[in-house]
1. Would you check which residues across segment B:331-366 are within 14 Å of chain A (Cβ to nearest Cβ) and buried (at least 16 other Cβ atoms within 10 Å of the Cβ) and list them?
2. Report the residue count in segment B:90-108 for those that are part of a loop (DSSP other than H, G, I, E, B) and more than 25 Å from the chain's Cα centre (by Cα).
3. Find the residue count for segment B:367-410, including only residues that are under 30 Å from residue A:199 (Cβ atoms) and buried (at least 17 other Cβ atoms within 10 Å of the Cβ).
4. Taking segment A:117-158 on its own, how many of its residues are assigned to a loop (DSSP other than H, G, I, E, B), surrounded by fewer than 16 Cβ atoms within 10 Å (Cβ to Cβ) and at pLDDT below 90?
5. Residues to consider are B:87, B:107; find the one that is surrounded by 15 or more Cβ atoms within 10 Å (Cβ to Cβ), in contact (Cβ under 8 Å) with a residue 60 or more places away in the chain and outside the structural domain of residue B:193 (by TED's automatic domain parsing).
6. Using the structure shown, decide if residue B:321 is assigned to a loop (DSSP other than H, G, I, E, B), modelled with pLDDT of 85 or more and within 14 Å of another protein chain (Cβ to nearest Cβ).
7. Would you point out which residue out of A:215, A:173 is touching a helix residue (DSSP H, G or I) at 6+ places or on another chain (Cβ under 7 Å), buried (at least 18 other Cβ atoms within 10 Å of the Cβ) and in a loop (DSSP other than H, G, I, E, B)?
8. Might you let me know whether segment B:368-379 holds any residue that is out of contact with any helix residue (DSSP H, G or I) (no Cβ under 9 Å at 6 or more places or on another chain) and at pLDDT 85 or above?
């Protein structure tokens, strides 16, 4: 089990403005699976992603990520944990002054000197897999929206993360690129045992998921296995 | 023109890449700060201009302050004495009150003293052909005495024994220098001051300061004719020459003992007198305070400009920084980027500021005759100060990094 939540609750605001976003949520995410998280806007998907992704402190309940309890975890520990994770955001957030290759390098450099010293072959390989082998030295301003998103995906994956959190990663991609990215994530899950938790509304992506979770108003209302057997 | 611009850009690009590669080796990581700065050329040039302007302001103020301090020392350095006896209220040469001659006689009787030469000091205006006035500080002394160092003065000072004959500083500001340089005892330059006809029989070189435009030497008799209210019995200074081997401090101590409780007179070494004069003019006179204030303003301008540049740069990259925070980069990594930018701006902005100040020093020195000199120490101090100023701005700008919250990215 790479990720487990028990009785997870979360609030925003104080006093009269205090509002509960998650209600008593129980969850188990298995290694080697591509899990899709669905739900309407405001259902708590993002809150859940930020909590299990160590981007926000857990207020109540328990979250165990890669064997580490996150309730009460200090900020330095959360930072350490995040280095073992991969994040793909809806916006690419690439450094405009860095080339595609340099942006991907930033995904490795966080692991320290040795990883950074051997960064180039891994980054070149991954960009090649994502169809950007001939765009290595392009600045983001010279890349299309889809190409930028693929660079961001390469940045998230180059450090071989144990868990990948993705928020609408294919929103900016055409059908072919979107499928290419999801196949890559799925291959990572299968071959390396990587856990992938992805928020998406893209039906072509949902079709490829191993498991689909549905949130509604902060509660988990659906948990089903996907694919032909379901 | 197009080819020239293209060539410049290509050269700039090559230099930028070389600088980037050098920084990468130095930092052991991607030089993100430099890459961000050089990516936005307009902002980089504007920031460099701001830092250059701040450096220029500080260098000019230091130049003026240096000229003030340097010009204060010029007349003291021309005096041939080890100790200076003056009224106790003397702050500068120009405001030295008269001293009773008996005090100088008492000083001369102290063991170790070879001679005490009385010197009269006064200021008068020299009207030029165009009607403008030049202020001259006048030193009056017995022509047989040798109160001044420069050999050029000693060779000529015999002529001062002639009535109403003077020597004038050839570095006096805005005068007909050619006419002064042509003046000789045989063919003196004739002029009128305070209703008296004077003959300028020669010249010497000291240089004006912030008070007077230059200097004039006269015999004590000529001096008293120019300043009839003054008395031979009350000169302004006593220049003390010591016997070989005498200890200046010990002699000064003995003089104070000889004077007893008298509070009307003091004795100092020339270096102490220069230091006192400099301290007084730097901290008590408006001109010195203005230069000090100007330095502070220059630093503040630099801090504000660099802060604005770095703060907007941080604001423009908040999402990128938040993304890197999300993947586990610690706060010191981002501080490193901002400080990298600050130091680069400091170094790049200082160079044009220094070059501009060298040109302005030269122009101001030519126009005013002030000793505007750029020293390596001053340039080094301002370089360090500029980098420190940029680092301070960087430290202020890093507060905005706290707004880069990775949780907001989803």
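The values are calculated or read from the model by the stated rules, or taken from the named source; none is laboratory data. Computed from a predicted structure; not experimentally measured. FYI the Cβ positions are ideal-geometry reconstructions off the backbone, even for glycines, and counts take in every protein chain you see.
1. Taking segment B:331-366 first, the residues within 14 Å of chain A (Cβ to nearest Cβ) are B:331-334, B:336-337, B:340-341, B:344.
Answer for segment B:331-366, where residues must be within 14 Å of chain A (Cβ to nearest Cβ) and buried (at least 16 other Cβ atoms within 10 Å of the Cβ): B:333, B:334, B:336, B:337, B:340, B:341, B:344.
2. Filtering segment B:90-108 for residues part of a loop (DSSP other than H, G, I, E, B) gives B:90-92, B:96-100.
Pick out the ones that are also more than 25 Å from the chain's Cα centre (by Cα) and you get B:97-100.
Number satisfying all stated conditions: 4.
3. Of all residues in segment B:367-410, those under 30 Å from residue A:199 (Cβ atoms) come to B:400-410.
Imposing the further condition that a residue be buried (at least 17 other Cβ atoms within 10 Å of the Cβ) reduces the set to B:400-401, B:404, B:406-407, B:409-410.
Qualifying residue count for the region: 7.
4. Of the residues in segment A:117-158, 3 are assigned to a loop (DSSP other than H, G, I, E, B), surrounded by fewer than 16 Cβ atoms within 10 Å (Cβ to Cβ) and at pLDDT below 90.
5. Values: B:107 fails: outside the structural domain of residue B:193 (by TED's automatic domain parsing).
Exactly one of B:87, B:107 is surrounded by 15 or more Cβ atoms within 10 Å (Cβ to Cβ), in contact (Cβ under 8 Å) with a residue 60 or more places away in the chain and outside the structural domain of residue B:193 (by TED's automatic domain parsing), namely B:87.
6. no
7. A:173 is the lone residue from the list that is touching a helix residue (DSSP H, G or I) at 6+ places or on another chain (Cβ under 7 Å), buried (at least 18 other Cβ atoms within 10 Å of the Cβ) and in a loop (DSSP other than H, G, I, E, B).
8. Yes, segment B:368-379 contains a residue that is out of contact with any helix residue (DSSP H, G or I) (no Cβ under 9 Å at 6 or more places or on another chain) and at pLDDT 85 or above.
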